[in-house]
């Protein structure tokens, strides 16, 4: 029998356990809610759900785009659930969350890209949970600033939009997305006075020089928070990992990012967009 060589830098994921994990899981499933924690096979689900937090996925669980790193289903989405904003707000209250993160699939099939449901969800959470802070991890809305403004006007505390990877790999990894369009979205957010945040994955074939260039591009476009994590192939149908970064390499990138001027840098193998999000408000 042939033994596969295991990369010592490949992160080890703990199994989810504990009372809080079970409580969050029950709330999510009993209310027929979607979370990126499950849809995206997030390696931190055990930690976040165990701490009583979750990242809600609105506008269904079928995406109109087909990014090669992502395990969320691609296809023709269902009609939006216009009761979803209230369901999310009630679930936030039931979980007693001090901070919540909302994200969504891309809904290029909708005229407004789902922006009104985005705004309605933020508003509903605020009305029912006035002391809960909110981070939104949004799509690019095809670069339509009017749709983006609809989300901004709902006044979440942080708006995040991920570059995901370096310029050279964007077309291959994100397929329908555009590197400069994402930067313009982030700049617009920051110029409207909202905290702008972005994230990238490593292990897709990028070089250190390209990582530094991406940091510089984000800073030039007024992004103050960056998350850097290891890409993990969620299914055999997704693009393969090219490299596993060591803890030392992630630490070095954290040091570089802070030296360049980011207010917050979350850099570690299992860091994902919403990891330690409550610190970024």
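The table for this structure:
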{"item": "Label-to-label distance, nm, for residues given as residue 233 and residue 248 (7 Å Cα→Cβ offset)", "result": "2.7"}
{"item": "Two-site FRET efficiency, residue 109 against residue 192, from Cβ-Cβ distance with R₀ of 22 Å, rounded to 0.05", "result": "0.25"}
{"item": "Projected label distance in nm at residue 153 and residue 123, using a 7 Å step from Cα toward the beta-carbon", "result": "0.9"}
{"item": "Added length on full extension, which subtracts the Cα-Cα distance from 0.36 nm per residue, residue 146 to residue 78", "result": "22.1 nm"}
{"item": "Ranked packing of 129-137, 241-249, 96-104, most packed first, by mean Cβ within 10 Å", "result": "96-104, 129-137, 241-249"}
{"item": "Compactness index (Cα Rg / 2.2 N^0.38 Å), the range 67-107", "result": "1.48"}
{"item": "At R0 = 45 Å, FRET efficiency that the Cβ-Cβ distance of residue 94 and residue 213 yields, to 0.05", "result": "0.55"}
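A short reminder: the numbers here are calculations on the coordinates, not readings from a lab. Model, not experiment: these values are computed from the prediction. In this analysis, Cβ positions are derived from the backbone assuming ideal geometry, glycine residues included, and neighbour counts consider all displayed protein chains.
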